[in-house]
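A short write-up of the structure that comes next.
The values are calculated or read from the model by the stated rules, or taken from the named source; none is laboratory data. A quick note: this is a predicted structure, and the numbers were derived from the prediction, not measured. For neighbour counting, all protein chains shown are included, and Cβ atoms are generated from backbone atoms with ideal geometry for every residue, glycine included. With ligands, DNA and RNA removed, areas are computed over all heavy atoms of the protein, side chains included. Shrake-Rupley method; radii C 1.70, N 1.55, O 1.52, S 1.80 Å.
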Amino acid sequence: MDTLIWLFNIAKVALGLGFVIFVHELGHFLLAKWNGVKVEKFSIGFGRTVFGFRRGETEYVLAAIPLGGFVKMLGEGGEAGEGPPDPEAANDPRAFNNKSVGARMAIISAGVIMNLILGFACFAYIFGQEREVIAAKIGSVVPGSPAFEAGLRPGDDIVGIDGRRDVGFRDLRAAVNLSSSGQVIHFLVKRPGEEKELDFPIEPRVEADADQPTIGVRPASSLDVGDDQPPAGAVEPIALPWPADKRAEILTVVAAGPAGETPAPMASYEDFHRLSARHRDRPLDLVMQPRTFGGKPVPGVADEIQATAPPSRFVDFGLRFAPGPITAIRKGSPAEAAGFKVGDVIVKVDGREDFDPLRLPLECFDRAGSPVTFHVRREGTPEPIELAATPDDAPPNRPLPMEDLQVPGLGLSLSVPPTVRSVVAGSPAEKAGIKAGDVIDSVTIPPVKGRPRAGDAAKDVWILSRPQPFNLADRSSTWPSTFDFIQALPLQAVSFKIHGREEAVSIRPEPVADWYSPERGLSFLEAHKTMPPLGPVDALKEGLNETVESVGMMYASLRSLITGRVSTKQLAGPIGIGPMAYAAAKAGINEFLYFLAFISINLAVLNFLPIPPLDGGQMVFLIAEKVRGRPLPESAVIAGTYLGLLLVLSLMVFATYQDVYRLLSGYFF
């Protein structure tokens, strides 16, 4: 069955992309016929004919290389090997070159217009249906990013972008990625606990080593669980009661509470995460509903099932690190109110000098609403400064590889340099010979298998299929993010490379009796929201707006590529488009039609660039002919065509190179 589904989706991709090409060439064909031009060949694809027939004066062909197509009109040259134009066509009134400049312009532009019409039709259909989009809700904010500095927080729901309402995360990403240098975007935010909507003006920026502009936010999680894997410090192996019916693809948490108490309804992932953190040392009783990926109930499967999520301890190596300087402070945060500054180094917490910075996020969460005394060392100040801050109840979140340690309750982040301050007596690190002053250059996690879901015991579930290095020396990873990643995997030894030592050291961490994690091995999916179907008139209006915006975004993308604001690594060729097309086909009709609309509009914009031999280049020649009153010299046309062809082929080769590089990087790096 899986093979049949795979073949069906491949067929959908082939037919869909073929239809986009067909629509483009159909535009040229219809306008040529309308203007009395003889069409000798209508081809979808290039190269050897796979299937073809002749009707009337036109040969219709499906060719072997499905990377485009063409309409050969009388008086034009064909593909390579078909020879030059028929010299007898020079005086034939039905030849393309003998038609007026206006007629030829109409024929040339018809393909682009048809692609825009196809994109518009797809968008209008989508807006007329109930659809799922990734919610424009904030799951986490990167420390030091524009969003962090502006004061956005996890749980904030973005309800408007530059005056446009009913937006999804895709709209947010597009607005940010396609912003111009210095542009400020206004985000309208509904914040839990706030009655009024808040306006956040934020200027995206291109961070070091980034490929495109960003504001530093990631989408929120939902209450939909897609998998469960026991973390390293699981007190007991978590095992959700997945129904045998494979239509039950997710389990949605509808209520939760500490074991022995009545589970309370859960409205959002943020509610669940806060509950899990508050009672992290106790099992959680869960009430869950089996559903499909689309969020629909599964007929014949129980409406609700009961489950228990055991607590999980942190696993530790016995390494202790000194906190580094504060790297970012969120606007409007408790840290800002207390007087913390970027560059400060926390040296004491409530009088303790030996505090572990990795425990600080949970410590502040536990003391939400109560003042905590900090002593900080500040540049230019001889003695430590005492500051009092009252943390809020923001629970810790998981950092990405390059991120510093974030303390959400304070609204700040701080670095944790990989220099060992001390080693716990009798710990795995001490037994491995690590000493105070050692510098960790890298940590490598070996391949590891996870546990299959119920009913899939025969399947191998690789969490890591090859060794995963975390390089701390060049800061492509940080110790907090590496430590967090280890917690989510099954308990195993990892390899430490210590600066100045040739041999790596293998260390197996041990669970810490009194240090519990809010994470319980549940993998939550991204939050989606359902957009209601629009009436026919509104759907057409929104379809037109989306088409116009997509054309504008495409030109903005080209501008950003040319100016360097977006990296050329974002380019995708046929190899890169293939997986995107398959994923869209697999996701459902709306996602697939959105993809086809995207491809169709991209084809229209790219094909109308003023580069011969593209339609836009031919239009340039026709405009020059109209201005001069006679055609351009043949030598100029040939030179321009060869130059444009060289540019187009170079771009295709470069995009394919990027595809291959990404593909190989995913396997070997």
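Computed from Cα positions, the angle between helix 269-278 and the longest principal axis of the chain comes to roughly 20 degrees. Considering only Phe485, Leu614, Thr390, the residue lying farthest towards the positive end of the dipole of the chain is Leu614, judged by Cα position with unit charges set on Cβ.
When the chain is described by a simple charge dipole with +1 on each Lys and Arg Cβ and -1 on each Asp and Glu Cβ, the residue from Val660, Ala32, Ala11 located farthest towards its positive end is Ala32.
Calculated FRET efficiency, Ala639 to Val101, Cβ-Cβ distance, R0 = 25 Å: about 0.75 to the nearest 0.05. What the phi angles of region 317-328 give under the Karplus curve with 6.51, -1.76 and 1.60, with θ = phi - 60°, is a coupling list of 9, x, 8, 10, 10, 7, x, x, x, 5, 9, 7 Hz, glycine and proline written as x.
Extending 7 Å from Cα along the Cβ direction at Phe51 and again at Glu503 yields two label points whose distance is 6.6 nm. Where in region 113-130 does the amide nitrogen come within less than 20 Å of the point 7 Å from the Cα of Leu561, taken along Cα to Cβ? The answer is 113, 115-116, 119. Using DSSP to call loops (not H, G, I, E or B), can you name the GluC sites (Glu not before Pro) in region 339-444 whose Cβ has at most 12 other Cβ atoms within 10 angstrom? The qualifying sites are Glu353, Glu379. To put it simply, the accessible area of region 302-397 at a 1.4 Å probe is 48 percent carbon and sulfur. Scanning residues 5 or more positions from Leu405 or on other chains, those with amide H under 5 Å from its amide H are Leu414, Val416, with H placed 1.01 Å from N in the peptide plane. Amide H contacts for Glu526 (H built 1.01 Å from N in the peptide plane; partners 5 or more residues away or on another chain; cut-off under 5 Å): Ser222.
When the charge dipole of the chain is built from unit charges on Cβ atoms (+1 for Lys and Arg, -1 for Asp and Glu) and taken about the Cα centre, the candidate among Ile138, Val439, Gly629 whose Cα reaches farthest toward its positive end is Gly629. What angle do you read, to the nearest 10 degrees and between 0 and 90, between the alpha-carbon axis of helix 634-668 and the longest principal axis of the chain? Taking the Cα atoms of the chain, the angle to 634-668 is about 30 degrees. Charge dipole of the chain (Cα centre as origin; +1 on each Lys and Arg Cβ, -1 on each Asp and Glu Cβ, all else neutral): 1260 debye, rounded to the nearest 20.
So which GluC sites (Glu not before Pro) in region 199-296 end up in coil per DSSP with only 14 or fewer other C-beta atoms within 10 Å? Answer by residue number: Glu261. Treating r as the C-beta distance of Glu59 and Thr419 and R0 as 45 Å, the FRET efficiency rounds to 0.05. Per-residue SASA remark: Met553, around 60 Å² accessible (1.4 Å probe; ligands, DNA and RNA not included). Packing around the peptides 643-654, 437-448, 14-25, taken as the average count of other Cβ atoms within 10 Å per residue, puts them in this order, highest first: 14-25, 437-448, 643-654. Mind scanning Lys435/Lys497; Lys12/Lys449; Lys12/Lys541; Lys12/Lys33; Lys196/Lys296 and naming the pairs with a C-alpha gap bigger than 22 Å? Over 22 Å Cα-Cα: Lys12/Lys449; Lys12/Lys541; Lys12/Lys33; Lys196/Lys296. Basic side chains Lys and Arg get +1 at the Cβ, acidic Asp and Glu get -1 at the Cβ, and with that the dipole of region 201-272 about its Cα centre reaches some 140 debye. Maximal additional length on extending the Arg359-Ala302 stretch stands at 16.4 nm, based on 0.36 nm per residue less the C-alpha distance.
Which pairs break 19 Å Cα to Cα here: Lys137/Lys246; Lys331/Lys529; Lys38/Lys72; Lys246/Lys586; Lys190/Lys341; Lys99/Lys626? Correct reply: Lys137/Lys246; Lys331/Lys529; Lys190/Lys341.
The Cβ shell under 12 Å around Ala513 holds other residues with a net charge of -3, Lys and Arg each +1, Asp and Glu each -1.
Across Asp156, Asp474, Asp227, the residue with the most accessible area heads the list, and the full order at a 1.4 Å probe is Asp474, Asp227, Asp156.
Each of the peptides 634-640, 191-197, 250-256, 511-517 was scored by the mean count of other Cβ atoms within 10 Å over its residues; in descending order, highest first, they stand as 250-256, 511-517, 634-640, 191-197. The amide H of Phe314, built 1.01 Å from its N in the peptide plane, has Val512, Trp515, Tyr516, Ser517 as neighbours under 5 Å, considering only residues 5 or more places off or on other chains. A 1.4 Å probe run over the protein chains yields, for the chain, 49 Å² of accessible area per residue, whole-number rounding.
Estimated from helical segments only, the mean residue ellipticity of the chain at 222 nm is -11000 deg cm²/dmol, where each DSSP H run of four or more residues counts as -39500 (n - 2.57). In sequence order, region 285-290 has phi-based couplings of 7, 10, 10, 10, 10, x Hz under the Karplus curve 6.51 cos²θ - 1.76 cosθ + 1.60, θ = phi - 60°, and Gly or Pro positions carry x. Couplings for region 241-255, taken from phi via the Karplus curve 6.51 cos²θ - 1.76 cosθ + 1.60 with θ = phi - 60°, read x, 5, x, 5, 5, 6, 5, 7, 7, 9, 10, 9, 6, 10, 7 Hz in order; Gly and Pro are left as x.
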